1. Could you go through segment 103-116 and let me know if any residue there is farther than 28 Å from residue 20 by Cβ and surrounded by fewer than 16 Cβ atoms within 10 Å (Cβ to Cβ).
2. For residue 79, only one of the following conditions fails: (1) assigned to a strand (DSSP E or B); (2) more than 18 Å from residue 187 (Cβ to Cβ); (3) in contact with a Leu (Cβ under 6 Å, 6 or more places away or on another chain). What is its number?
3. In the set 214, 165, which member is open to solvent by less than 30 Å² (accessible area, probe 1.4 Å) and either assigned by TED's automatic domain parsing to the domain that holds residue 39 or more than 22 Å from the chain's Cα centre (by Cα) (or both)?
4. List the number of the failed condition for residue 221; all other conditions in (1) under 27 Å from the mean Cα position of the chain (by Cα); (2) part of a loop (DSSP other than H, G, I, E, B); (3) surrounded by 14 or more Cβ atoms within 10 Å (Cβ to Cβ) hold.
5. Quick test for you: out of 127, 131, 123, pick the one residue that is open to solvent by 50 Å² or more (accessible area, probe 1.4 Å) and either assigned to a strand (DSSP E or B) or at positive phi (or both).
6. Working only within segment 269-287, note down all residues that are open to solvent by 40 Å² or more (accessible area, probe 1.4 Å) and closer than 18 Å to residue 203 by Cβ.
7. Picking from 240, 258, which residue would you name as being farther than 30 Å from residue 158 by Cβ and open to solvent by 30 Å² or more (accessible area, probe 1.4 Å)?
8. Could you figure out which of (1) within 22 Å of residue 273 (Cβ to Cβ); (2) out of contact with any Ser or Thr (no Cβ under 7 Å at 6 or more places or on another chain); (3) open to solvent by 40 Å² or more (accessible area, probe 1.4 Å) isn't true of residue 40?
Amino acid sequence: MEKKLAFLGPRGTFTEEAARILSLGQKLSIVPYPSIIEVLEAVSKKEVAYGVVPMENSIEGTVNSTLDWLIHEVELPILAELALPITQNLLVAKREHPLPLSAITRVLSHPQAIAQSHNFLRENLPEAAIETVNSTALAAKMVSEHPEEPWAAVGTRLNVEIYPLAFAREQIQDYSNNYTRFVLVGQDSLDLPVSRKEKTTILVTLPEDFPGALYQVLAAFAWRKVNLSRIESRPTKKALGNYYFVIDIDQKMDDVLLPGAFAEIEAIGCQVRQLGTYPFYMHQTNS
């Protein structure tokens, strides 16, 4: 029986693009879910085998709902990570005569897509009304369903495959280095392609009343020459000023270095929880 992979929907989102890439060569059917929480809950309850959700955008920062749910609500290991270039496009309904930019009266999209294309929209569509909706895919769907209206959507290239839409302008994002990190989670292992880079993510809880505890944590990795690519604090939700620290380590779990570092950290009263050790993929696109 074919296993299912859930992704943050609806159809046509960047998360679907990530899900398609991560499921290449796997016997998986991909299924949209309406929210990040519902994706993670579906995997946790074994309604589906795997899930793909966004973790961080290079412009907008961490997707808090993903990180918080993985920390507080579910026990799901990270199996893989994909960095996907985010290219925003201005999409209009297909029509006999192309719709000029000057004729567009309304632009719909997700708030992040609008923010990532702010300069283009301000310079090229200063008179158009900007309306935010729940996803770029929903915006594309709404525009496709009203072909008589001079509307446009900001969204993915994938939407042109799904809906009767055309490009009014391609690659309108303000920054060319706009990437989103997506994570694949699941309770069962997958036979994934070999990657040039491996990562391990841990959650560290510092002891109370231990001055310099975070310094000691970092020192345990520094003297072992283990590189850390991300350190982020998240509230423990137990008391004001209490935080977990999420740390990305640029190597996979081994038998010596990382266990030694974890033991040193735990010796000063810290708690260490592994969120996953997994391959990291950087996707390249010509779009």
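1. Scanning segment 103-116 turns up at least one residue that is farther than 28 Å from residue 20 by Cβ and surrounded by fewer than 16 Cβ atoms within 10 Å (Cβ to Cβ).
2. (2)
3. After applying the criteria, what remains is 165.
4. The one condition residue 221 does not meet is (2).
5. Just a single option satisfies the conditions, and that option is 131.
6. 269, 271, 273, 274, 277
7. None of the others qualify; the one that does is 240.
8. (3)
The values are calculated or read from the model by the stated rules, or taken from the named source; none is laboratory data. Note that the coordinates shown come from a computational prediction; the quantities given were computed from them, not determined experimentally. Cβ: placed from backbone, ideal geometry, glycine included. Neighbour counts: every protein chain shown. Side chains included, ligands, DNA and RNA excluded: accessible areas come from the protein's heavy atoms. Shrake-Rupley method; radii C 1.70, N 1.55, O 1.52, S 1.80 Å.
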